[in-house]
1. Quick check, is Ala239 out of contact with any Lys or Arg (no Cβ under 6 Å at 6 or more places or on another chain) and either more than 19 Å from Leu287 (Cα to Cα) or open to solvent by 40 Å² or more (accessible area, probe 1.4 Å) (or both)?
2. Given the stretch 128-229, what strands (runs of 3 or more DSSP E) lie entirely inside it while holding 1 or more residues that are buried (at least 24 other Cβ atoms within 10 Å of the Cβ), in contact with a Ser or Thr (Cβ under 9 Å, 6 or more places away or on another chain) and outside the structural domain of His279 (by TED's automatic domain parsing)?
3. Kindly indicate the residue of the stretch 109-127 that is small (Gly, Ala, Ser) and either open to solvent by less than 10 Å² (accessible area, probe 1.4 Å) or modelled with pLDDT of 95 or more (or both) and also farthest from ligand 1 (Cβ to nearest atom) among those meeting that condition.
4. I need the full set of residues from the stretch 266-292 which are open to solvent by less than 80 Å² (accessible area, probe 1.4 Å), among the β-branched types (Val, Ile, Thr) and over 13 Å from Gln320 (Cα atoms), in order please.
5. From the residues in the stretch 293-302 that are in a strand (DSSP E or B) and within 16 Å of ligand 2 (Cβ to nearest atom), which one is surrounded by the fewest Cβ atoms within 10 Å (Cβ to Cβ)?
6. I'd like to check which helices (runs of 4 or more DSSP H) are fully inside the stretch 1-101 and have at least 3 residues that are open to solvent by less than 40 Å² (accessible area, probe 1.4 Å) and small (Gly, Ala, Ser).
7. Among (1) under 17 Å from Ala185 (Cβ atoms); (2) touching a helix residue (DSSP H, G or I) at 6+ places or on another chain (Cβ under 8 Å), which single condition is His154 missing?
8. Among Ile265, Ile302, which is the only one that is among the hydrophobic types (A, V, I, L, M, F, W, C) and in contact (Cβ under 8 Å) with a residue 60 or more places away in the chain?
Amino acid sequence: MGVGSIFDGPDVRAEFEKAGINTHFIPFIWKYVIKNPNCEWDDIPDLPSAAYSLLRSKFKTSTSSVDSVINSNDGVTTKLLVKLQNGAFVEAVIMRYDTRLGKYCGKPRPGGPRSTLCISSQVGCKMGCKFCATGSMGFKNNLSSGEIVEQLVHASCLSQIRNVVFMGMGEPLNNYSALVEAVRAMSGVPFQLSPKRITVSTVGIIHAINKLHKDLPGLNLAVSLHAPVQDVRCQIMPAARAFPLEKLMDALQVYQKNSMQKIFIEYIMLDGVNDEEQHAHQLGKLLETFDVVVNLIPFNPIGSLSQFRTSSEEKVLRFQKILRGVNNIRTTVRKQMGQDISGACGQLVVNLPDEKKPPNLGVTDIEDLVSRR
Ligand code: SAH
Ligand code: SF4
């Protein structure tokens, strides 16, 4: 085994305990590393001497590195291409869009912009959704909790991160224990992101949803529903066969009863597949008994995957109108900021560093998703 990440909470705690070192030093070490990303272990003051030798032999201040940083022309988004210890790449995207800027008469918000960070949980994904670039890569490997947290550490060097969304590469609930540990680390000292500001987006892994509230109370849950009936869902998301819609909705019902929190429903609009009026009515009925916000996502056509077409704006607005008007469901539409997308949150597929296209993200609602309650 290689040298581990200092941000792999359970491993670090286990090694400290084994060596008889107080684990209270861990958040202090994390804080130092975040502030001094290029430090050596010996630079950290006031640790017990046994801690220095342990750190030197077993852990690295960072197992991943930022391979490249690409800023969008408007400065709103920054894409980080992160190289993992095994040589694989994942992407993390910082979004600085501030939906409430208007309230401050166009002046910057006091306290600076509130950035949202979109992070990856796996290299590739085994769920194989037919509209998703990451799905087309297949599954390569899980990230460790340290590798997940390190994306936040890297991004924090560039921007003050207020929200984290697991909408990058991978299905977070298929990497459950690393996800849980990473969220715990992010919500503890020194990051102290409130769990309410951390959103996990899932295709609907029922057995994981069943334990999520107990393991991570307060967390925000977003569910990629994408269809209101089982057969349409199966057509576009093979995972729907293993996690049938009816059982998923039952699990969400229990989740909501326990968590007493809104659930975010993601719905990708695919022309002629799931975007007809009847689908809106079916979706409204399906969500009738829930407290939800529906986020309609215009499909971004990606490379050869485009057996699907983007729904017209009229269709999207009609869909939204039905959910709002008939079912009184808060429904937002993800803004489309361009079509030549290569690194959008939720469809990250790594482009090698010579790719100089700026990331082109429909970000407004992601900030919205996590900040406007
Ligand atoms: N695996 C998780 C989280 C990552 S995907 C999930 O599926 O929820 C994050 C979001 O981006 C999902 O809602 C996903 O359906 C959406 N997405 C994937 N491919 C897309 C595409 N081509 N256009 C628009 N949204 C896409
Ligand atoms: Fe995996 Fe999510 Fe893409 Fe589906 S949409 S293949 S679950 S990353």
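The values are calculated or read from the model by the stated rules, or taken from the named source; none is laboratory data. For clarity, every value in this text was computed on a predicted model and none was experimentally measured. All Cβ positions, glycine included, derive from the backbone under ideal geometry; neighbour counts span all protein chains shown. Surface areas here come from the heavy atoms of the whole protein model, side chains and all, with no ligands, DNA or RNA. Shrake-Rupley method; radii C 1.70, N 1.55, O 1.52, S 1.80 Å.
1. Numbers: out of contact with any Lys or Arg (no Cβ under 6 Å at 6 or more places or on another chain): yes; either more than 19 Å from Leu287 (Cα to Cα) or open to solvent by 40 Å² or more (accessible area, probe 1.4 Å) (or both): yes.
So Ala239 passes the test.
2. On the way: elements: 139-142, 161-166, 198-202, 220-224.
Passing ranges: none, list empty.
3. Restricting attention to the stretch 109-127, the residues satisfying the condition of being small (Gly, Ala, Ser) are 111-112, 115, 120-121, 124.
Still in the running and either open to solvent by less than 10 Å² (accessible area, probe 1.4 Å) or modelled with pLDDT of 95 or more (or both): 115, 120-121, 124.
Working: Ser115: 18, Ser120: 8, Ser121: 8, Gly124: 11 Å.
Top of the filtered list is Ser115.
4. The answer is Val273, Val292.
5. Step one: list which residues in the stretch 293-302 are in a strand (DSSP E or B), which gives 293-298.
Add one more test, that the residue is within 16 Å of ligand 2 (Cβ to nearest atom), and what stays is 295-298.
Working: Asn295: 22, Leu296: 24, Ile297: 24, Pro298: 20.
For the stretch 293-302, the residue satisfying everything is Pro298.
6. Values: elements: 9-18, 25-35, 49-58.
So the answer is none; nothing clears 3.
7. (2)
8. Numbers: Ile265 fails: in contact (Cβ under 8 Å) with a residue 60 or more places away in the chain.
The unique qualifying residue is Ile302.
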